[in-house]
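Asker: Take a look at this one; I'll ask things after.
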Amino acid sequence: MTDHLDPHQSFALPTELAVPSSESNFLSQRAYPEPPHAYRSPFARDAARILHAKAFRRLAGKTQVFTRRTSESDHSRSRLTHTLEVFQIARTVAAQLGLNVPLVEALALVHDIGHPPFGHAGEAALDEALRAHGLHFDHNLHALRIVTSFEERYAGFRGLNLTLAVREGIIKHSRDYPPDQFPELSEYLLDQQPPLEAQLIDIADEIAYLTADLEDGLAAGVLHLAEIRDQLPLFATFYSLALEDHPAAEPRLLTNEALKQMLNALVTDLMQTIVAEAHAHHIETLADLRRAPLRLAHLSESMEAQRKQVKAFLFANLYLSPTLEAEHQHAVEVIQSLFAEWTADPRLLPPDHLARVAKEGTPRAVADYIAGMTDAYIEQAWLTHVGNR
Ligand code: MG
């Protein structure tokens, strides 16, 4: 545990485990070849391209967990601020481990860019609407479509022309895609493990949202401090330590201390576990890592049990709570009614989306249009097209 941690402990991994930044490496390749930049690495350029994309800016208007209707708090996370918290955690871990920091930054910034409005309820609703047409909605695959096709920033090609390493990371950071089921993704080395830079994004994402959702859930009045202390020993231990140090402090401040220490403990455990796993399995190069039977980026067994406990608590008390359930129903109603309206008459789509119908088919073109919207934009579209009937 972290209380016995030597402050001088080194987490550095063998340098050969990091993705190299050289322009000549195959992972730096772009679909449309470009001359190297005078002073920026290929992945620093990708991070900047993502940061300047329209889809990135729309994350500010997309639900993470709470909306205006479900929390009176004025500081709940949006998908943008969540993304920035993942960015902060992931770059810290990458720097400590000696990985490719600009690549990790690009992957953290892009990791939620494919999410539709209304959070996970929106994603589930869009997926269900597509299933009726034999299709699926997958936010990783949608993110790949955004960066390879929907963003228009260059005169010579569509998309952001990102490096292979970033496109591979978009696809593989959170799940595996069996090569036989996804032949269209063969370019992305589906039979190999992703680099550590991509592997750690998924767990950084979990660490960010599990701690943040406890805070936002308390601020919204959906979660209660007593039940968190009662049911989550990881939180309770740090809360008690903070109380010992600051007996007169307000519960709100002790809660912040506990959440901060909890996040720190999870991150430290992740780094310790990655280093220990690399040693134990003699993984010293990127090639070793690629061939390893399992992913290296995970928590220790005991911390993983605590992570699962926090997640189960959040499902039972927050994500599936009556407060959020009403909002989920609204998301389903808005997305499914607009999807039905535009699928029945695609001429109602804006010209650029209507133009995609011939190539993609109507259901996919409609889903792509909906997936790009912010919460406020889709609410307005719903009021205009359906809601007033
Ligand atoms: Mg995320």
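The values are calculated or read from the model by the stated rules, or taken from the named source; none is laboratory data. For clarity, every value in this text was computed on a predicted model and none was experimentally measured. All Cβ positions, glycine included, derive from the backbone under ideal geometry; neighbour counts span all protein chains shown. Side chains are part of the model used for accessible areas, which takes the heavy atoms of the whole protein and leaves out ligands, DNA and RNA. Shrake-Rupley method; radii C 1.70, N 1.55, O 1.52, S 1.80 Å.
Asker: Return the pair list, or none, for Cβ contacts closer than 6 Å from residues in region 101-117 that are free of Cβ contacts under 8 Å to residues at least 12 places away in the same chain to residues that are among the charged types (D, E, K, R) and surrounded by fewer than 24 Cβ atoms within 10 Å (Cβ to Cβ), at least 6 apart or on different chains.
Answerer: Val101/Arg91
Asker: A further question on this structure: Considering only helices (runs of 4 or more DSSP H) fully contained in region 51-119, which possess at least 3 residues that are within 15 Å of the ligand (Cβ to nearest atom) and open to solvent by less than 10 Å² (accessible area, probe 1.4 Å)?
Answerer: Because the criterion is at least 3 residues that are within 15 Å of the ligand (Cβ to nearest atom) and open to solvent by less than 10 Å² (accessible area, probe 1.4 Å), the helices (runs of 4 or more DSSP H) in region 51-119 that meet it are 79-97, 101-110.
Asker: Could you check, for region 251-258, whether at least one of its residues is open to solvent by 20 Å² or more (accessible area, probe 1.4 Å), assigned to a helix (DSSP H, G or I) and within 21 Å of Leu99 (Cβ to Cβ)? So that I can check it myself, show each step before the final result.
Answerer: First pass over region 251-258, keeping only residues open to solvent by 20 Å² or more (accessible area, probe 1.4 Å): 251-253, 256-257.
Checking the rest, the ones that are also assigned to a helix (DSSP H, G or I) come to 251-253, 256-257.
From what is left, the residues that are within 21 Å of Leu99 (Cβ to Cβ) are none.
Looking for residues that are open to solvent by 20 Å² or more (accessible area, probe 1.4 Å), assigned to a helix (DSSP H, G or I) and within 21 Å of Leu99 (Cβ to Cβ), one finds none in region 251-258, hence no.
Asker: Let me ask another. If only one of Ala265, Ala236, Ala278, Ala226 is under 26 Å from Thr83 (Cβ atoms) and not hydroxyl-bearing (Ser, Thr, Tyr), which one is it?
Answerer: On inspection, the qualifying residue turns out to be Ala265.
Asker: Could you tell me how many of the residues in region 362-384 are closer than 17 Å to Ala132 by Cα and either without any contact (Cβ under 8 Å) to a residue 40 or more places away in the chain or of a type outside the set (Gly, Ala, Ser) (or both)?
Answerer: Residues in region 362-384 being closer than 17 Å to Ala132 by Cα and either without any contact (Cβ under 8 Å) to a residue 40 or more places away in the chain or of a type outside the set (Gly, Ala, Ser) (or both): 7 in total.
Asker: Now a separate question. For Thr273, which of the numbered conditions (1) open to solvent by 40 Å² or more (accessible area, probe 1.4 Å); (2) of a type in the set (S, T, N, Q); (3) touching a Leu at 6+ places or on another chain (Cβ under 7 Å) fails to hold?
Answerer: (1)
Asker: Follow-up question, since we're still on this one. I need every pair where a residue in region 150-165 that is closer than 17 Å to Ala355 by Cβ has its Cβ under 6 Å from the Cβ of a residue that is among the aliphatic types (A, V, I, L, M), sequence separation at least 6 or different chains.
Answerer: What qualifies is Glu151/Ala53; Glu151/Leu160; Gly159/Val147.
Asker: What residue, of His52, His37, His75, is touching a residue at least 60 places away in the same chain (Cβ under 8 Å) and closer than 27 Å to Leu160 by Cβ?
Answerer: Being touching a residue at least 60 places away in the same chain (Cβ under 8 Å) and closer than 27 Å to Leu160 by Cβ holds for just one of His52, His37, His75, which is His52.
Asker: May I pose another question? Take region 187-218 and flag every residue that is part of a loop (DSSP other than H, G, I, E, B) and either under 17 Å from Phe66 (Cα atoms) or open to solvent by less than 10 Å² (accessible area, probe 1.4 Å) (or both).
Answerer: Result: Pro194, Pro195.
Asker: Determine whether Glu128 is within 16 Å of the ligand (Cβ to nearest atom), open to solvent by 30 Å² or more (accessible area, probe 1.4 Å), in a helix (DSSP H, G or I) and not aliphatic (A, V, I, L, M).
Answerer: When the stated conditions are applied, Glu128 does not pass them.
Asker: Here's something else I'd like to know. Specify the residue that is least open to solvent (accessible area, probe 1.4 Å); the eligible residues are those in region 277-333 that are assigned to a loop (DSSP other than H, G, I, E, B) and of a type in the set (D, E, K, R). Break it down stepwise before answering.
Answerer: As a first pass, look at region 277-333 and keep what is assigned to a loop (DSSP other than H, G, I, E, B): 281-285, 292-300, 320-321.
Among the residues that remain, those that are also of a type in the set (D, E, K, R) are: 284, 295.
Details: Glu284: 105, Arg295: 59 Å².
Across region 277-333, the extreme among qualifying residues is Arg295.
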